[in-house]
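A short reminder: the numbers here are calculations on the coordinates, not readings from a lab. Since the structure is predicted, the reported quantities are computational estimates derived from the model, not experimental observations. A quick note on method: Cβ atoms are made from the backbone with ideal geometry, for glycine too, and the neighbour counts reach across all protein chains shown.
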Amino acid sequence: MGISDLIFRKKISYDLDTLESIQSIAIPVYQPIKGIVSPVNNIEYILQRKATEHKRNGRMDLAIACLCKSNEIFPHSNFLWGKKDYMRLVEFLKEAGRFEDARNEQTKIDKLFQKDLTTLVFEKTLLDCKSLDIDLVQSTDNSCVCFECAKYTRRIFSISGKDKRFQILPPYLKLNLKEHEYCFNSFYPFFFTLSIPSWEYKGNLINWCNRPYVDERTPEQRAYYKKRVCESEQEVLDRNNYDMLREKLLVFTPKSFGGFRRMKSLRSSNYLKLCNVAIEKGINLDKTPNFSIYHF
Ligand SMILES: [Zn+2]
């Protein structure tokens, strides 16, 4: 039993060693956090740690129960938990061979995180502008954007379209489009008479913001974006393949995803054997992602 468990038990007298007691933990009511605090005394954090301990001791049922409970508590926490934290449950379910449950949990988590970063920033900026009663936003010089998004960097836009000195803010940014999944666009409220743009420009600011809409990325920025998309998409595909291997060919499957990727990049003899066995089950381990939707 660790120190955290003692603190936890002292506060709410549950034990984390039976399914019933884990499942009966009530959703806590937290006070809002002030300043920089760590969540180490939060129940959901302690449950996550306890899951690791149960897994190490071969009690996957208890480990999964802890993660189910912490995922249930996360949205009510005073700490912001990310998708990666929620996804531990999915991974543990797969490791336990519970693939159907893993898919169901994945669907729930995807729904919670369906908005991409650009959309969240976009919505926050619109709210900020509304509360400040201003209509203008500036876009920044972003290093990770596609060919299309690159046309909208380093400009000022009118949210409503009523300020004819500037173009209307492109509405596609709030649509969570798959083709812009890896683009990061940020916008900030702009006071025309007070704000100074965060980028350099030449000549008159209004003329600058209406310059031709072309891709102005440097070769390095273009290469960085392409690398990020290709590597991320390949990882998603490899992970799906690895999951299919785990589900359909348990005996041949490497112990970890990292191990699988290492053998794949080395094209080891075991990997080539695995490819042959997998192909009989309809799994092509050497498949490459379809990049055609992305604007490199
Ligand atoms: Zn884009």
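Within segment 226-260, which GluC sites (Glu not before Pro) sit in a loop by DSSP and count at most 10 neighbouring Cβ atoms inside 10 Å?
Working: sites: E231, E233, E235, E247; in loops: none.
Hits after loop and neighbour filter: nothing returned.
Using amide H atoms built 1.01 Å from N in the peptide plane, name the residues 5+ places from Q167, or on other chains, whose amide H lies under 5 Å from its own.
S158
Going by the alpha-carbon gyration tensor, a ≥ b ≥ c the square roots of its eigenvalues, is segment 117-217 rounded (a/c under 1.5) or, if a/c is not under 1.5, prolate (a/b greater than b/c) versus oblate?
Details: a/c = 1.72, a/b = 1.14, b/c = 1.51.
Verdict is oblate for segment 117-217.
So which trypsin sites (Lys or Arg not before Pro) in segment 225-273 are both in a DSSP loop and have at most 12 other Cβ atoms within 10 Å of their Cβ? Spell out each step's value before the answer.
Details: sites: K226, K227, R228, R239, R246, K248, K255, R261, R262, K264, R267, K273; in loops: K255, R267.
Sparse-neighbourhood loop trypsin sites (Lys or Arg not before Pro): K255, R267.
With springs only between Cα atoms under 10 Å, which of I159, I36, I27 fluctuates most in a Gaussian network model of the chain?
I36
State the extension gain, in nm to one decimal, for the chain segment bounded by N204 and L127, taking 0.36 nm per residue of separation less the distance between their alpha-carbons. All intermediate terms of the calculation are to be shown ahead of the outcome.
On the way: separation 77, 0.36 × 77 = 27.72 nm, distance 2.86 nm.
Taking 0.36 nm per residue and subtracting the Cα distance, the gain is 24.9 nm.
Roughly what percent of Cα-Cα pairs across the chain reach past 24 Å? List each step's numbers first, then the result.
On the way: 28648 of 43660 pairs.
Tail fraction, whole percent: 66.
From the Cα trace of segment 3-112, what convex hull volume per residue do you get, rounded to a whole Å³?
Numbers: hull volume 11.6 nm³, N = 110.
Each residue corresponds to 105 Å³ of Cα convex hull volume.
Helix 219-248: angle to the longest alpha-carbon principal axis of the chain, degrees 0 to 90, nearest 10?
20 degrees
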